[in-house]
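Data first, discussion second: the structure below is written as structure tokens.
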Amino acid sequence: MTTLFDYLNSHEEYKKLKKTKKESKEVLRQKKNLIKSQKELFDFVYDKLHQLGLIQVISASYEILSIAPKYCPPINPRQLKHFILNPKERKKILDQLKRFFPEINQIPLFEKVKQVESLNKQLKKKYVIRFLKDFARFYRDMKNYQTMINLMDNINLHENENVLKMSRANRTLYEIVLPDEEKGEEQIISHVVLKADVRGSTKITLLMKERKLNPASHFSINFFTPITEILSIYGATKIFVEGDALILALYEKTGSQNWYSVARASGLAQHILRIIKNYNGESIKNDLPILELGIGICYQDSHPTFLFDGDHQIIISPALNLSDRLSSCSKKAREFLAGKHLPFNVYVFQSGSDEEFENGDIDERLDRFNVNGIELNEEGFVKLSKEISLRCFELTIPSLWNEKTLIYAGRFPTLTGSYQNLFVREARIARVNPANYHFIEWTAKRYFEVCINPKIIEFMEKKMNTDSDKMR
């Protein structure tokens, strides 16, 4: 407002500059042009305010400041302004003052009336410039006030312990605490979900009940308890466990120096399959159906959402849905690969054209074969390559269509300090005829399998050792 309208202040600055004779003629000329522009703008605003009858109101508002402390309260500043400007209001306002102060001095009030009526135009202009600046500040402060109110409306103060626990888990709780009250809890920054699709448990349960055996103790002793005992080795947490579903999570938190969530999830998946193999051996001895597993591992570079059912924590994450797909096994793919003795346990097919896959979720529309296998999502493989050093080997292994096979080899540490080898196969997704699954072409899309075939693992370990010996 000073820059736009205060030509009076600019005129005073111009006189000082001219008096000092330190500024060039160009600077003085620019200052003169500024004064001219400011005066034109000010005169326009002044005339508008005059037409609206506001010049006297503005002047009176500033004139009463000198006497307001004497009369406000009991009356308010607005009544005092009305006393100055409106003769019809004076008696009523005086009566109100006398009710509180019978001996009140009225002389300053009427003196101020005369002063306002006799104000010269120059002083009125100063008051208008002052008003424009004050009005701009008021408008700014009102906007800031409204912004603050809107922000405050977005803040909820909670005392309910359940709400606090859920908000804290989801990083939506802002706690203002003293330094000695800081808990220093580490925050989750990313996570891995491991989904094991357990197949055949219903058949085993029914068969055991027919034989008057307890399926709960059978599964507990041979399956759930052994898996629970190895979770601490890999830093995994149970999310959901039932007869046909086993979901585990590994979290990476701030403050951790070494993050191996994908590597450890892969090692855990291999360990679970070894437990299943032992379990199936016992089942065969006892003439029981065997269990079949499909494992999906999905890495998500974000914090999951948590809900609570009492003390039970429930996780919500896109990784849950994707790991479920990675662990699945489609009927078509199973029928096509039935009876084939293949070196790998995971195969992924695209049974439609690329145009058909343009709309919708591609992963949801692929046909998967996953029988006692481990599929890792592509983001998980990228993360794994950052966690550990991977060496790539190109092999020719007889498989479906004798394609070249890329296997990445590396080692990772468990939480107990021991190291495990890890072998991950990279393969391209084949586009096939949906009617008979005949091969059409290789697509550009990839999938990744954590290898569990003992012969391939043995071969790769020998190859790694041989290469290490050559390097030495």
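No lab work stands behind these numbers, since they all come straight from the coordinates. Note that the coordinates shown come from a computational prediction; the quantities given were computed from them, not determined experimentally. All Cβ positions, glycine included, derive from the backbone under ideal geometry; neighbour counts span all protein chains shown.
Beyond 19 Å between alpha-carbons counts as too far, so tell me which of Lys48/Lys88; Lys340/Lys455; Lys404/Lys463 fall in that bin. Display every interim value, and only then the final one.
Numbers: Lys48/Lys88 26 Å; Lys340/Lys455 17 Å; Lys404/Lys463 17 Å.
Among Lys48/Lys88; Lys340/Lys455; Lys404/Lys463, the Cα-Cα distance tops 19 Å for Lys48/Lys88.
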Describe numerically, in nm with one decimal, the distance between label points set 7 Å from Cα along Cα→Cβ at Glu292 and at Thr396. 3.3 nm
Pairwise label distance in nanometres, Ser37 with Ile221, each label 7 Å out on the Cα-Cβ vector: 9.4 nm
How large is the charge dipole for the chain, taken about the Cα centre, if only the Cβ atoms of Lys, Arg (+1) and Asp, Glu (-1) carry charge, to the nearest 20 debye? 3480 debye
Whole-Hz Karplus ³J(HN,Hα) for segment 110-115, in order, using 6.51 cos²θ - 1.76 cosθ + 1.60 and θ = phi - 60°, x for Gly and Pro? 6, 5, 5, 4, 5, 5
Taking the Cα atoms only, what angle lies between the long axis of helix 454-471 and the longest principal axis of the chain, rounded to 10 degrees? 80 degrees
Rg and Dmax [Cα atoms of segment 2-150; Å; Rg one decimal, Dmax integer]: 20.1, 65
Förster radius 30 Å - calculated FRET efficiency between Thr202 and Ser232 (Cβ-Cβ, nearest 0.05): 0.50
Applying the Karplus parametrisation 6.51 cos²θ - 1.76 cosθ + 1.60 with θ = phi - 60° to the phi angles of segment 291-301, what ³J(HN,Hα) value in whole Hz is obtained for each residue in order, glycine and proline being reported as x? 8, 10, 10, x, 10, x, 10, 10, 9, 10, 7
Compute the acute angle (0 to 90°) between the alpha-carbon long axis of helix 7-20 and the principal axis of greatest extent of the alpha-carbon atoms of the chain; round to the nearest 10°. 80 degrees
As a footprinting exposure proxy, order Ser328, Ser118 by other Cβ within 10 Å, with the fewest listed first. Ser118, Ser328
Could you put His271, His341, His50, His438 in order, starting from the residue whose Cβ has the fewest other Cβ atoms within 10 Å? His341, His438, His50, His271
Backbone HN-Hα couplings from phi across segment 190-201 [Karplus 6.51/-1.76/1.60, Hz, Gly and Pro as x]: 7, 7, 10, 10, 10, 10, 10, 8, 8, 10, x, 5
Charge dipole (the chain, unit charges on Cβ, about Cα centre) - positive-most of His271, Phe138, Tyr7: Tyr7
In deg cm²/dmol, rounded to 500, what helix-only [θ] at 222 nm does the chain give when every DSSP H run of at least 4 residues adds -39500 (n - 2.57) and the total is split over its residues? -15500 deg cm²/dmol
Rank Gln420, Tyr437, Pro454 by how far each Cα sits towards the positive end of the charge dipole of segment 412-472 (+1 on Lys, Arg Cβ; -1 on Asp, Glu Cβ) and give me just the farthest. Tyr437
Ranked by how many other beta carbons lie within 10 Å on average, peptides 225-232, 369-376 from highest: 369-376, 225-232
If you find the alpha carbon centre of segment 281-305 and of segment 136-160, how far apart are they in angstrom? 52 Å
Multiply the residue separation of Arg428 and Glu111 by 0.36 nm, subtract the distance between their alpha-carbon atoms, and state the gained length in nm to one decimal. 104.5 nm
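How do Thr172, Thr305 rank when sorted from fewest to most other Cβ atoms within 10 Å of their own Cβ? Walk me through the intermediate numbers first.
Values: Thr172 10, Thr305 14.
With the fewest neighbours first, Thr172, Thr305 line up as Thr172, Thr305.
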5 angstrom amide H check on Arg446, placed H, neighbours 5+ away: Ile429
